Amino acid sequence: MKFENILVEKNKEIGTIIINRPKKLNALNKTTIEELHVAFNDLNNNNAIKVVLLTGSGDKAFVAGADISEFANFSVDEGGSLAAQGQELLFNFVENLETPVIALVNGFALGGGLELAMSCHFRIASDNAKMGLPETSLGVIPGYGGTQRLPQLIGKGKAMELIMTAGMIDANEAKSYGLVNYVVAQEELLPLAEKLASKIKRNSSVAISKAIKAINANYKDGISGFDEEVKQFGSCFGTEDFKEGTTAFLEKRKPNFPGE
Ligand code: COA
């Protein structure tokens, strides 16, 4: 599929998705959300890809939010559908992807942009990044999971403050809250992501996808994370990766995981 608003690169088992609407600060319109769904799905189904990186084009924005021009005239029903479809196609989809996804927050990550970064498995940021959920300043609330994932990541009190004030925080403040794991200069962002990806790639991709499921289970209603961990842990024992990992350890060599 030829994409209009995103670029996809594949190199050394890493898939990189770049949201590419720099003139609109990479704002998420309907087409971009649909294209991101297709790209994430393709990379997830590609056995040669072990890690996905997500970033924005240019040096100013990761994503400056949902495209305000698209929903300004929506009705109540249309607003509800916008949130539901976006969550299903992109935000929940990314959170539950089997392949690890790292967000490279390279500038503004506002509204839907921060919500997208929060859907990724973890985040790193450049020192010019600015993050926030400014929706209440537009008379709306975060609708792509922001009211749930922000408190999960930084705690309820700080999340309440950020959403109520509609304010922005800089990269170092975001790091101090645990919203991003590392802050580096912009030119160091991709090298850092590649270094982290290369550490992840060495490990069993099957075990990593099971760990994602178990960790995410803690945040799902009606599911016991501990029960899910037991289930996923047990299922590892039926995998080729487990046989290879344990055999390699006992034979004092590095494992060569088949990813099965
Ligand atoms: N939706 C649609 N278009 C957006 C956008 C969004 N969320 N964010 C930025 N843009 C567009 C602007 O309209 C502008 O387009 P134009 O040149 O055709 O007028 C272009 O991107 C550049 O943005 P601009 O506002 O001129 O840049 P700036 O450096 O002065 O300000 C921001 C940067 C991020 C502070 C400002 O763009 C902003 O507040 N954006 C909206 C953030 C927001 O509320 N997001 C949550 C949406 S729910």
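The values are calculated or read from the model by the stated rules, or taken from the named source; none is laboratory data. What you are looking at is a predicted structure, and each value in this text was computed from that prediction instead of being measured. Cβ atoms come from the backbone with ideal geometry, glycine included; neighbour counts cover every protein chain shown.
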Note: among T31, T16, just one is over 21 Å from A125 (Cα atoms) and in the same structural domain as L138 (by TED's automatic domain parsing), namely T31
| message | It is to be established whether one or more residues within the range 40-60 are within 14 Å of the ligand (Cβ to nearest atom) and in contact with a Ser or Thr (Cβ under 9 Å, 6 or more places away or on another chain). | response | yes
With the first residue restricted to the range 208-224 and required to be of a type in the set (S, T, N, Q), and the second required to be surrounded by 12 or more Cβ atoms within 10 Å (Cβ to Cβ) and in a helix (DSSP H, G or I), Cβ contacts under 6 Å at 6 or more apart or on different chains are N218/G225
S205 passes all but one of the listed conditions (1) more than 20 Å from N181 (Cα to Cα); (2) out of contact with any Asp or Glu (no Cβ under 8 Å at 6 or more places or on another chain); the exception is number (2)
In the range 47-105, residues that are among the acidic types (D, E) and under 13 Å from G145 (Cα atoms) total 2
Within the range 145-164, of all residues that are over 17 Å from the mean Cα position of the chain (by Cα) and touching a residue at least 24 places away in the same chain (Cβ under 8 Å), the one surrounded by the most Cβ atoms within 10 Å (Cβ to Cβ) is L162
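One line per residue, one yes/no per condition, for (1) more than 9 Å from the ligand (Cβ to nearest atom); (2) farther than 27 Å from V51 by Cα:
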residue: L116; (1), (2): yes, no
residue: F122; (1), (2): yes, no
residue: A129; (1), (2): yes, no
residue: G132; (1), (2): no, no
residue: S137; (1), (2): no, yes
residue: I141; (1), (2): yes, yes
residue: G145; (1), (2): yes, no
residue: L153; (1), (2): yes, no
residue: K158; (1), (2): yes, yes
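Can we say E187 is outside any loop (DSSP other than H, G, I, E, B), surrounded by fewer than 18 Cβ atoms within 10 Å (Cβ to Cβ) and in the same structural domain as H121 (by TED's automatic domain parsing)?
Details: outside any loop (DSSP other than H, G, I, E, B): yes; surrounded by fewer than 18 Cβ atoms within 10 Å (Cβ to Cβ): yes; in the same structural domain as H121 (by TED's automatic domain parsing): yes.
It is true that E187 is outside any loop (DSSP other than H, G, I, E, B), surrounded by fewer than 18 Cβ atoms within 10 Å (Cβ to Cβ) and in the same structural domain as H121 (by TED's automatic domain parsing).
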How many residues of the range 218-260 are of a type outside the set (S, T, Y) and either assigned to a loop (DSSP other than H, G, I, E, B) or touching a Pro at 6+ places or on another chain (Cβ under 7 Å) (or both)? The answer is 22
Handout entry: Meets criteria (over 30 Å from K243 (Cα atoms) and in the same structural domain as V105 (by TED's automatic domain parsing)) for G146
Key = yes
Over the range 1-59, the set of residues without any contact (Cβ under 8 Å) to a residue 12 or more places away in the chain, in contact with a strand residue (DSSP E or B) (Cβ under 7 Å, 6 or more places away or on another chain) and under 15 Å from F108 (Cβ atoms) is none
*Please tell me if A72 is of a type in the set (G, A, S) and modelled with pLDDT under 95.*
yes
